[in-house]
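For reference, the structure is listed below as structure tokens.
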Amino acid sequence: MTVFLPIPLPCRRLVGLGLLITAAALLTQTAQAEADIAAGEALFKRVCGNCHNVGPGARAAFGPQLNGIFGRHAGATRDYRYSPAMQQADLVWDRDTLSAFIKDSDSVVPGNKMRFWGIGDQQKIDSLLLYLKAQQDH
Ligand code: HEC
């Protein structure tokens with residue numbers, strides 16, 4: 001025997017509404033999980049900008065300028081006095097080395113002189129890197 005349980009109309013509406021909300025929540029989640037260049041710029045200005053310049057005419061400040069950082073050898077700008085550790089670091093900055101350095105600079109270049117507490121959130125790092133990548137040609 002089949003038991004037929006009709007769902008009352010208001011209930012069905014609720015189910016529909018629930019599905020809509022779930023879909024909306026999923027959509028916002030995916031949007032948030034993506035790296036965001038504007039967020040990266042804001043983050044750069046707030047946390048890295050105290051020590052670093054980037055963009056047209058950027059010069060060394062408390063830290064080296066970061067134009068064209070992707071593919072740049074560590075410790076390579078001419079107008080900045082690096083720590084011996086950074087001068088001797090045999091590495092080229094790319095997405096992986098930069099991510100790791102921003103998370104925990106000492107794990108990548110032990111004894112370097114960048115005093116920065118680090119950012120753990122990969123999504124924030126991705127946004128930052130997206131912004132830095134847009135500064136490659138300066
Ligand atoms: C408190 C100042 C300070 C802050 C904040 C800071 N840095 Fe630095 N950074 C430095 C200094 C100083 C060096 C040079 C380190 C050395 O010579 O050992 C450096 C070096 C670097 C280098 C290596 C550059 C090269 O030419 O090899 C990168 C890349 C870098 N920082 C990225 C960042 C990013 C991205 C942020 C923000 C998330 C940041 N830094 C925040 C001071 C800072």
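Bear in mind that the values in this text are calculations on the coordinates, not laboratory data. Keep in mind that this is a model prediction, so the values were computed, not measured. Here the Cβ positions follow ideal geometry from the backbone for every residue, glycine too, while neighbour counts run over all protein chains shown.
List the residues whose amide H sits under 5 Å from the amide H of residue 138, counting only those 5 or more places along or on another chain, with H placed 1.01 Å from N in the peptide plane.
Those lying under 5 Å, H to H, from residue 138 are 68.
Within the set of other residues whose C-beta is less than 14 Å from the C-beta of residue 75, count the net charge using Lys and Arg as +1 and Asp and Glu as -1.
Taking every Cβ under 14 Å from that of residue 75, the sum is +2.
For each of 107, 83, count neighbouring Cβ atoms within 10 Å of the residue's Cβ, then give the residues from fewest to most.
Ascending number of Cβ neighbours within 10 Å: 107, 83.
Could you let me know the centre-to-centre spacing of segment 99-138 and segment 51-90, using Cα atoms, in angstrom?
Comparing the Cα centres of segment 99-138 and segment 51-90, I get a distance of 13 Å.
Quick one: 3J(HN,Hα) in Hz for segment 89-98, Karplus 6.51/-1.76/1.60 with θ = phi - 60°, rounded, Gly and Pro as x.
Along segment 89-98, the couplings run 5, 9, 8, 10, 6, 9, 4, 6, 5, 5 Hz.
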